[in-house]
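Visitor: Quick one: this structure, given as C-alpha cells, is what I'll be asking you about.
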Amino acid sequence: MDATPTPPAAPALGGDWELDAFPEPVEPGTEDPAPGPTEQPTRRADRPSSIPGSGFRVPGSDEVPSSDQIVEALLFVGGPPLTAEAACAAVRGLTPDAFREAVDGLSAKYRRQARPYAVEARAGGFVLAPLPAYRGVRERLVGGPREARLSQPALDVLAVVAYRQPVGKAEVDAARGTDSGGVLRQLVRLGLVAVARRAEAAGREVRYGTTPRFLRVFGLPSLDDLPRLGDTEGTTGKS
C-alpha cells in the first residue's frame, strides 16, 4: 500500500468545520394535552390502532396504549436513532408497517399542533429532536457547549476512516505517513469516530469507523453520499 502525505479525500471534507464537543441531546417534549370537549376524535390520527399483545397498559386503567403512544415513548427514551427493527424487537405485536404509520401520525400531529420538536429521520432511523429555531434553548439553560475546530490533520484522518472503514491505526498511519494515534483519540472524543470492530487477522488491532454524528456534521444522509474521489482510486487503499 502506498503511503501518501495527505489523503485525496481530505479536500472533499475540507474547510473550517466547527462542531459541538458533545453529541446533540434528544430533547423530549411535553405530554399531549387531552382532547377538548368539542373535539370529535374520529380520524385515524386521533384514534390510532392499539397493540393488544404489547404487554403495556395505560396507568390507572385496563386500556391498551395506542401504537402511536408506544412509539412516541420509544422515541422519548432517546439514544441511537430508532429503527423499525429495533422497535418491533422491543414491543411484542408491533409490525414495521404499524411503526411507520405511527411515525407518520406523530409527525403530522406535531406539525398540526405547532410543537417545538419533530420526528427527524436520522441514520436509517428516527429521533425526537427540537426544531432548528429551538436548538439554542439548551445553551440558554445549561450554558454554551465547548466548540472544537477540526484541524487539517483531523480532516485527513477523518477522510481515511470515512473512505476505508473499518480501518486500523496502522493503515491510517501508512496513508498519512505519520502517527495518527492522538488525532484518532480526539475524533473518538468528539463522537465523529468510534471503534467499529477488531481485525480478524490481528485480534488486538482496533478498527475504526465513522458515526451518525459524522453524517450530521457534514450534512450527509448516508455514507453512500460521500463525495466521489474521481480518478484518485489508486490511493484509496487498493493495491
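The values are calculated or read from the model by the stated rules, or taken from the named source; none is laboratory data. Computed from a predicted structure; not experimentally measured. Don't worry about glycine lacking a Cβ; one is built from the backbone with ideal geometry, like all the others, and counts go over all protein chains shown.
Visitor: Somewhere in the range 71-93, is a residue outside the structural domain of Leu192 (by TED's automatic domain parsing), among the charged types (D, E, K, R) and modelled with pLDDT under 90?
Guide: yes
Visitor: Which one of the conditions (1) touching a strand residue (DSSP E or B) at 6+ places or on another chain (Cβ under 6 Å); (2) modelled with pLDDT of 80 or more; (3) under 18 Å from Lys169 (Cα atoms) does Val217 fail to meet, given that it meets all the rest?
Guide: The single condition Val217 does not satisfy is (3).
Visitor: Okay, moving on. Residue under question is Val71, and the condition is that it be more than 24 Å from Pro221 (Cβ to Cβ) and in a helix (DSSP H, G or I); does it hold?
Guide: When the stated conditions are applied, Val71 does not pass them.
Visitor: Return yes when Pro166 is at pLDDT 80 or above, out of contact with any helix residue (DSSP H, G or I) (no Cβ under 6 Å at 6 or more places or on another chain), within 30 Å of Glu120 (Cβ to Cβ) and not assigned by TED's automatic domain parsing to the domain that holds Leu226 and no when it is not.
Guide: When the stated conditions are applied, Pro166 does not pass them.
Visitor: Looking only at the range 182-192, decide whether some residue is farther than 19 Å from Arg213 by Cβ and at pLDDT 90 or above.
Guide: Looking through the range 182-192, at least one residue is farther than 19 Å from Arg213 by Cβ and at pLDDT 90 or above.
Quick grid of which residues meet (1) over 19 Å from Leu155 (Cα atoms); (2) acidic (Asp, Glu); (3) modelled with pLDDT under 85:
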| position | (1), (2), (3) |
| --- | --- |
| Glu200 | yes, yes, yes |
| Arg204 | yes, no, yes |
| Arg207 | no, no, no |
| Thr210 | no, no, no |
| Leu223 | no, no, no |
| Pro227 | no, no, no |
| Gly230 | no, no, yes |
